[in-house]
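Working notes, beginning with the structure itself.
The values are calculated or read from the model by the stated rules, or taken from the named source; none is laboratory data. The model shown is predicted, which means the values in this text are computed figures rather than measured ones. These accessible areas exclude ligands, DNA and RNA; they are computed on the full protein's heavy atoms, side chains included. Shrake-Rupley method; radii C 1.70, N 1.55, O 1.52, S 1.80 Å.
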Amino acid sequence: MKRLGPHDAPDRLYTVTGGRSRPADDRTLDLVTLIVSEGDPTPGMQSEHARILTMCRRPTAVVEISAELRMPVSVVRILLSDLLDRGQVTARHPRVTAAAQLPDADLLKEVLDALHRL
C-alpha cells in the first residue's frame with residue numbers, strides 16, 4: 001500500500017474520508033488522546049481503518065497514528081470517529097488535573113522568593 005505524504009493529491013484524502021471535512025459528532029480527540037483497538041480488522045474494511053486497528057493493539061496517540069499513516073490529523077480524526085462509532089476502538093483521553101490539586105499560588109511565590117535568596 002502506498003503511504004500518503006505531504007505532496008499527495010487532495011482528492012485521495014477526499015476519497016479516504018468519503019468527502020467529509022470533519023467528524024460527524026463533536027467528539028474531541030486531542031493529539032495525545034490514546035486509541036486502543038477493540039478487535040482485529042475484518043475483510044472488506046477500508047485499508048486505513050484496518051491499519052489503525054492493527055497499530056492500536058497497544059494504546060497509541062492520535063498524533064502517532066497521523067505520523068504512521070502519513071495523513072493530516074484532521075483526516076485521522078475522521079477515520080477514528082468512524083471506528084469509534086462502530087465500537088472498534090476506544091479513546092482514552094488525557095487526565096486533567098483539578099485546580100484543587102495544584103499548589104497554592106502563595107506557596108509557589110514563597111518558594112520562588114526563597115530560591116532567589118539562595
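Computed over the Cα atoms of segment 49-118, what is the convex hull's projected area averaged over all directions, in nm²? Could you put the intermediate results ahead of the total?
Numbers: hull surface 32.2 nm².
Quarter of the Cα hull surface area: 8.0 nm².
Take His49, His116 and sort them by solvent-accessible surface of the protein heavy atoms, 1.4 Å probe, largest at the top.
I get His116, His49, largest accessible area first.
What is the gain in length, in nm to one decimal, between Val63 and Asp106 on full extension, counting 0.36 nm per residue of separation less the C-alpha to C-alpha distance?
Values: separation 43, 0.36 × 43 = 15.48 nm, distance 3.68 nm.
That works out to 11.8 nm of additional length.
So how much accessible area does Thr90 have, in Å² to the nearest 10, using a 1.4 Å probe?
Here the accessible area works out near 50 Å².
Give the accessible area for Asp40 in Å² (nearest 10); use a 1.4 Å probe, count only protein heavy atoms, and leave out ligands, DNA and RNA.
Here the accessible area works out near 100 Å².
At 1.4 Å probe size, with no ligands or nucleic acids counted, give the accessible surface of Arg86 in Å², nearest ten.
Result for Arg86: roughly 130 Å² accessible.
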